[in-house]
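Scroll down for the structure; my scribbles are underneath it.
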Amino acid sequence: MRPTGRGVVVAAIALAGFVSARAFGPRSLNAVVVPAVCAFGLAAFLVARADAPRVARSSPADGFPGDERRVSLVVEGDGALVTVRDALGSGLDGGGTIRTVADGREEAYDVTLRERGRHALGPATVVVNDPFGLWQRSFGGAGRAEVVVYPTVVPLAAPPRALAGTVGAAGGRSEFAGVREYVHGDPLRDVNWKASAKRPEEYLVTTYAGDGSDARVVIAVDLREGGDPDRAAIAAASVAIACLDGGVAVGLRTPDGALEPASDAAARRRVLELLADLDRSGPTEVDRESARVVVRADGDGVTVDIDGEARPAVELLGEGAA
């Protein structure tokens, strides 16, 4: 608990009034010092008796670099005026500061996802102020939330011919099987707009009897010394999403973990989450056995090897690989 800048000014004015009263009489004391001392003391009393506010924070949806998210904060307490400063991870941009009343109302601030990885929101510091703005008291320790920033996914500038047969074999989508609720990560081409129009609060996705074909691709990410994990993640994510959009079951192996081939609605999210964790500080060994696609990153750049044919990532992704 400490006085604010305004509180320091009020204290200085009161001190000046007291000195003036000693020099020119008690009238100056009555006119300046007494109101200032009363306000200063009352403000200190209100802040000292304030309870520690409780902060509840929403967890924003994961996304890609450049996406914006809104973070909601609910501050509960005894109705004091508070300023909440939410700490943001290094890969996030935003103010993270709101002024509100600790009475359970909801406030929000915007944050921009900037860098691939897992980034923390919080802990929050809550500063309680008095109505006059003379004193403040800080409370900390509010919990954290996490947001995952996926690697950028770019359309393949030159789709690999070696995968064309596999993607074609993943057809069998001609037989209509029904509709289901949209899940984050579903390709927009599967959204049934006609059915969704009848249920405006949600999107519906068409399902096909041929989904889940045997067409599959395993992608391995080989990160060597001097390799750029960000560019490797972009290359692997772009190839993986192109295959998933074609109905191919995609498996993934990185130094941080492995995923079995899958093409369901959650496969896209799992692939992107694992690539979001790709980090040069992790172990570099990766199982390349039976992997048809190997994304290799070293000091010379990033290459994509498909069935033994290696090509620079920039040829597949164009400017998106830069």
State which residue pairs qualify: first residue open to solvent by 10 Å² or more (accessible area, probe 1.4 Å) and at pLDDT 90 or above and inside the stretch 211-228, second residue part of a loop (DSSP other than H, G, I, E, B) and not basic (Lys, Arg) in any location, beta carbons under 7 Å apart, and separation of 6 or more residues or different chains. 218/290; 218/291
Filtered residues of the stretch 199-208 (kept if open to solvent by 60 Å² or more (accessible area, probe 1.4 Å) and either farther than 30 Å from residue 117 by Cα or at pLDDT 85 or above (or both)): 199, 200, 201
Answer with yes or no whether residue 138 is small (Gly, Ala, Ser), at pLDDT below 70 and open to solvent by 50 Å² or more (accessible area, probe 1.4 Å). no
Subset of the stretch 240-266 [touching a residue at least 60 places away in the same chain (Cβ under 8 Å), touching a Leu at 6+ places or on another chain (Cβ under 7 Å) and assigned to a helix (DSSP H, G or I)]: 242, 243
Please verify whether the stretch 167-177 includes one or more residues that are within 22 Å of residue 315 (Cα to Cα), open to solvent by less than 70 Å² (accessible area, probe 1.4 Å) and modelled with pLDDT of 75 or more. no
Collect the residues in the stretch 76-96 that are part of a loop (DSSP other than H, G, I, E, B) and within 24 Å of the chain's Cα centre (by Cα), keeping them in residue-number order. 89, 90, 91, 95, 96
Can you name every residue in the stretch 43-68 that is open to solvent by 50 Å² or more (accessible area, probe 1.4 Å), within 18 Å of residue 113 (Cα to Cα) and part of a strand (DSSP E or B)? 68
Only one of 248, 295, 304 is closer than 25 Å to residue 91 by Cβ, over 20 Å from the mean Cα position of the chain (by Cα) and either modelled with pLDDT of 90 or more or surrounded by 19 or more Cβ atoms within 10 Å (Cβ to Cβ) (or both). Can you tell me which? 295
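The values are calculated or read from the model by the stated rules, or taken from the named source; none is laboratory data. Every value quoted in this text rests on a predicted model; they were computed, and no experiment measured them. Cβ atoms come from the backbone with ideal geometry, glycine included; neighbour counts cover every protein chain shown. Heavy atoms of the whole protein, side chains included, go into the accessibility calculation; ligands, DNA and RNA do not. Shrake-Rupley method; radii C 1.70, N 1.55, O 1.52, S 1.80 Å.
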